[in-house]
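Structure, as structure tokens:
The values are calculated or read from the model by the stated rules, or taken from the named source; none is laboratory data. All figures in this text were calculated on a predicted structure; none of them were measured in a lab. Here the Cβ positions follow ideal geometry from the backbone for every residue, glycine too, while neighbour counts run over all protein chains shown.
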Amino acid sequence: MIVNLQSRDAIGYFGDVAARHWWDEYRWNLQEGPFDDDQYVFRQNLGSISGAWDDTVRAIVQGEVEKLPRYALIFLSAHAFELNENSDENDSVGSIWVDGVVDTVMEEINQRGSQGNLYLIGPHRYEVIGHEIEGSGMVWSILSEQGNRVWN
């Protein structure tokens, strides 16, 4: 599923963020926000940006889950039933629970998206790159002596 998000070009919603694809933008939204409330234009509720991201990714996940073969859905549903404290395990054997599978996949995506360093794509990436890139040898020592940097 993450590969699917990585295959989509970034939409550039976050301005200064150097996102390469939807996955970067989704991760930025999870980690840095906007964590916004509903947006209103002329008293019309447009919803929240965070909610829109979640709804969009959920729709993509749902579309992919619905394409799975029946046997895969049965096994994934059994796993989702097992993870859900409110389900009755006797009712779960052999049944398909698409919403439960989607919820389980979304939890995994959100957990993975909430990890990792996003500073290299953030608005202050030029300050961070110097701390991330290190080197040694003749070229690095010459650049260091001249006070030059290898990043912008």
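A few notes on this one:
- Candidate set from the range 1-21 (those that are under 16 Å from residue 122 (Cβ atoms) and of a type outside the set (A, V, I, L, M, F, W, C)); member that is nearest to the chain's Cα centre (by Cα): 21
- Scope the range 27-46; condition at pLDDT 70 or above and assigned to a strand (DSSP E or B); matching residues: 44
- Matching residues, the range 1-26, being acidic (Asp, Glu) and either touching a helix residue (DSSP H, G or I) at 6+ places or on another chain (Cβ under 8 Å) or outside any helix (DSSP H, G or I) (or both): 9, 16, 25
- Filtering the range 73-95 to residues that are farther than 14 Å from residue 107 by Cβ, modelled with pLDDT of 75 or more and more than 24 Å from the chain's Cα centre (by Cα) leaves 74, 75, 78, 81, 94, 95.
- Test for residue 143: is it over 26 Å from residue 3 (Cβ atoms) and either at pLDDT below 75 or of a type outside the set (Ser, Thr, Tyr) (or both): yes
- The set of residues in the range 93-115 that are exposed (fewer than 14 other Cβ atoms within 10 Å of the Cβ), over 23 Å from residue 26 (Cα atoms) and either touching a residue at least 24 places away in the same chain (Cβ under 8 Å) or hydroxyl-bearing (Ser, Thr, Tyr) (or both) contains only 95.
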